[in-house]
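Take a look at the structure below.
Values in this text are rule-based calculations from the coordinates and carry no lab data. Small disclaimer: the values here were computed from a predicted structure and weren't measured. Neighbour counts run over all protein chains shown; Cβ positions are idealised from the backbone, glycine included.
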Amino acid sequence: MRCLVTGGTGVIGSHLVRLLLHKKCQVAVLVRGSRSPWRIADLIARLDVIPGDLGVIGEAAGTIRAFAPQTVFHLGWFGVVSRHRNDVRQITENLSGTLELLRVAHESGCRRFVGLGSQAEYGACNGVLTEDLPTRPTTLYGAVKLCAGLVGQQLSDTLGIRFTWLRLLAAYGPADQPEYLIPTVILSLLRGAKPRLTSGTQRWDYLYVEDAAEAIWQAAQEPGAVGVFNLASGQPATVRSIVERLRDMIDPGLPLGWGELPYPDQPIGNLEGDISKLQNATGWAPRVPLAEGLHRTLEWFRENQGRYPDAALAAKSVGVP
């Protein structure tokens, strides 16, 4: 199978690329010129690297058509960290780019498109997230993810492409972004800083990154896996329990700054996903329990602290949910 991956240099995308190669697929990766492919550097010789950017995907259209992907995995997205959640480029780059990517994919002979959505499409919700809940995004990021999924589905129906949109709740694992909760806590504690925290009572549904990649692959294989699906572990845990487990793995005597940080104006409350629809459609189920996933993640960061020099400065005054 010939597969095109956008976002293949990112956390989930890099694990998906490894999985696709393991499955004997021919893989092309769209890579921005300013983006370092360090997560897949050892794989570059086995990949078709297509220089390009989602915001100007038309510039790479000829190369994509020449590669002729049968399946497109769309994980690339500008502005996933909090400081860009209301940036207008969510519209000008992400929404326009996703729809143009679909058009180019169709011209290339693609018949399967799997996109990565977000729990942000639901907006503030403290109950279990199911796919039939009303969608009330509170950020431009969530609104554009929602629009990309809705319009992408309609356009795909018109073009004869089987379209899947996976609303990811939260993923974690090796090589993660340092701005996120688990890497921030790990790097802070490894460097002797006390993380400032909220009370940590909220429950978050974290999915190990290798399980996320496997789910994305399985969704592409099943003809019936069309439409919107939640992507999560289905096993939420409190932020407090996650942080304390990490602290105890590093040094049980290290202090934690519980209650030193107020909740933001629009905090993410309880984050729990019903994944039965995805399981029924694909037969997929998470394999890596939280304790094992946290251990793997900690050991990777312990061995790769040098990749995050800027996080060393931020760790001295870090504040996390």
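Close amide H pairs (under 5 Å, H built 1.01 Å from N) link Gly8 with Leu30, residues at least 5 positions away or on another chain.
Taking Cα atoms only, the orientation of helix 96-107 departs from the longest principal axis of the chain by about 40 degrees.
So how tilted is helix 140-159 from the main axis of the chain? Cα-based, degrees 0 to 90, rounded to 10. Around 20 degrees separate the two axes. Along the positive direction of the dipole of the chain (beta-carbon charges: Lys, Arg +1; Asp, Glu -1; about the Cα centre), which of Leu190, Ser241, Ser108 reaches farthest? Most positive-ward Cα: Ser108. Based on C-alpha pairs under 8 angstrom that are at least 6 apart in sequence, the range 2-168 has a relative contact order of 21 percent. Rounded to 0.05, the FRET efficiency of the Glu59 and Gln221 pair, given R0 = 35 Å and the Cβ-Cβ distance, is 0.70. Rounded to the nearest 10 degrees, the angle from helix 209-221 to the longest Cα principal axis of the chain is 20 degrees.
Across all directions, the shadow cast by the convex hull of the range 139-259 built on its C-alpha atoms averages 9.0 square nanometres. Between Arg203 and Glu260, the contour length at 0.36 nm per residue exceeds the alpha carbon distance by 18.7 nm.
Taking amide H as placed 1.01 Å from N in the peptide plane, the amide H of Leu261 sits under 5 Å from that of Leu197, Thr198, each at least 5 places away or on another chain.
Could you size up the charge dipole of the chain around its Cα centre, putting +1 on the beta carbon of Lys and Arg and -1 on that of Asp and Glu, and report it in debye to the nearest 20?
Magnitude of the dipole: close to 400 debye.
Across Trp77, Trp38, Trp217, mean-square fluctuation computed from a Gaussian network of the chain (C-alpha pairs under 10 Å connected) peaks at Trp38.
Its DSSP H runs of at least 4 residues, each contributing -39,500 (n - 2.57), put the calculated 222 nm mean residue ellipticity of the chain at -10500 deg cm²/dmol, to the nearest 500.
Please report the antiparallel percentage of DSSP beta bridges with both residues in the chain, rounded to the nearest 5.
Once the DSSP bridges in the chain are tallied, antiparallel ones form about 5 percent.
Projected onto its three principal axes, the C-alpha set of the chain covers 58, 43, 38 Å, listed from the longest axis down. Considering Cα pairs under 8 angstrom that are at least six residues apart, work out the relative contact order of the range 153-312 and quote it in whole percent. Once divided by the residue count of the range 153-312, the mean separation gives 36 percent. Here the range 2-168 is assigned +1 on the Cβ of each Lys and Arg and -1 on the Cβ of each Asp and Glu. Its dipole about the Cα centre then comes out at about 420 debye.
Here r is the Cβ-Cβ distance between Arg307 and Arg83 and R0 is 25 Å; the resulting FRET efficiency, rounded to 0.05, is 0.75.
If you average the alpha carbon positions of the range 183-244 and of the range 34-54, how far apart do those two centres end up, in angstrom? About 25 Å separates the Cα centre of the range 183-244 from the one of the range 34-54. Protection proxy ranking for 296-306, 172-182, using the average of other Cβ atoms within 10 Å per residue and placing the highest first: 172-182, 296-306. Backbone amide hydrogens, once placed in the peptide plane, bring Ser118 within less than 5 Å of Leu168, excluding anything fewer than 5 places away on its chain.
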